[in-house]
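Working notes, structure below.
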Amino acid sequence: MSGLFISFEGIDGVGKSTQADLLEKYLLGQGKTVVRTLEPGGTEVGVEIRKILLHHRGELAPRAEAALFAADRAHHVASKIRPALERGEIVITDRYFDSSVAYQGAGRELSMEEVRNLSLWAVGGLLPDLTVLLDLPADIARSRRNKTGTEPDRLESEKIEFFERARQAYLGLAENEPERFLVVDAATDVEKMQEIIRARVSGLI
């Protein structure tokens, strides 16, 4: 594949969407063709799965949740991400399989290795060229989310301990794959964060 695959990761409230938006605008200004997407919900099928994952009322078994994320991801990659990369385009996704490892593996206290293997199988082993991890303590991230005034979804309503487990899992993943991850302090100024991200991306395009 000749395209470039970039994922943004981090617990809820760290500013992934903002940074992905800024990077997309920058790359478009450089004359690049960019496909912007997200998980779950990056396809028509994914929108339906997203409704179940984020807005289902009642209990959802952790393994069922992990399997639904993997199903969304399998279709997302096959129908949207791989075709774009094969066309030589830049794909920017808000969340990818590292989210499942952190949220369903560590957050739900399933096996991180099993969740990772399930996700890798679902995507046929497709890894991002760059994963930008925006890092912030769980309590600060929650206070940011609360300031938006929007109703929290099923996952956003989890206890602070859930998010701290996910955060630590993310940091562990980044430590194990430093060549793929760029860890950015999400307490930094928005423009400064974007400068750091652009500098890394510029070395890949």
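In table form, for the structure just shown:
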| quantity | calculated |
| --- | --- |
| Tally of residues being touching a Leu at 6+ places or on another chain (Cβ under 8 Å), closer than 24 Å to Ala78 by Cα and not in a loop (DSSP other than H, G, I, E, B) across segment 18-45 | 1 |
| Criterion: in a loop (DSSP other than H, G, I, E, B), acidic (Asp, Glu) and more than 17 Å from the chain's Cα centre (by Cα) - qualifying residue of Glu48, Glu59 | Glu59 |
| Residues being in contact (Cβ under 8 Å) with a residue 12 or more places away in the chain and part of a helix (DSSP H, G or I) - total across segment 79-106 | 17 |
| Residue list for segment 141-167, restricted to those being surrounded by 14 or more Cβ atoms within 10 Å (Cβ to Cβ), at pLDDT 65 or above and under 22 Å from Asp185 (Cα atoms) | Ala141, Arg142, Arg144, Arg145, Phe162, Phe163, Glu164, Arg165, Ala166, Arg167 |
| Search result, residues across segment 84-118 that are more than 18 Å from Tyr170 (Cβ to Cβ) and basic (Lys, Arg) | Arg87 |
| Among the candidates Ser7, Ser79, Ser2, residue that is small (Gly, Ala, Ser), within 20 Å of Gly203 (Cα to Cα) and touching a Ser or Thr at 6+ places or on another chain (Cβ under 6 Å) | Ser7 |
| Candidates Ser119, Ser111 - the one that is of a type outside the set (A, V, I, L, M) and more than 16 Å from the chain's Cα centre (by Cα) | Ser111 |
| Residue check, Phe5 of a type in the set (A, V, I, L, M, F, W, C), buried (at least 21 other Cβ atoms within 10 Å of the Cβ) and not in a strand (DSSP E or B) | no |
| Near pairs, Cβ below 6 angstrom, 6+ apart or cross-chain, from segment 43-59 (without any contact (Cβ under 8 Å) to a residue 40 or more places away in the chain) to any residue that is charged (D, E, K, R) | Thr43/Lys80; Gly46/Asp72; Ile49/Asp72 |
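The values are calculated or read from the model by the stated rules, or taken from the named source; none is laboratory data. Worth saying up front: this structure is predicted, and the values here are computed from it rather than measured. In this analysis, Cβ positions are derived from the backbone assuming ideal geometry, glycine residues included, and neighbour counts consider all displayed protein chains.
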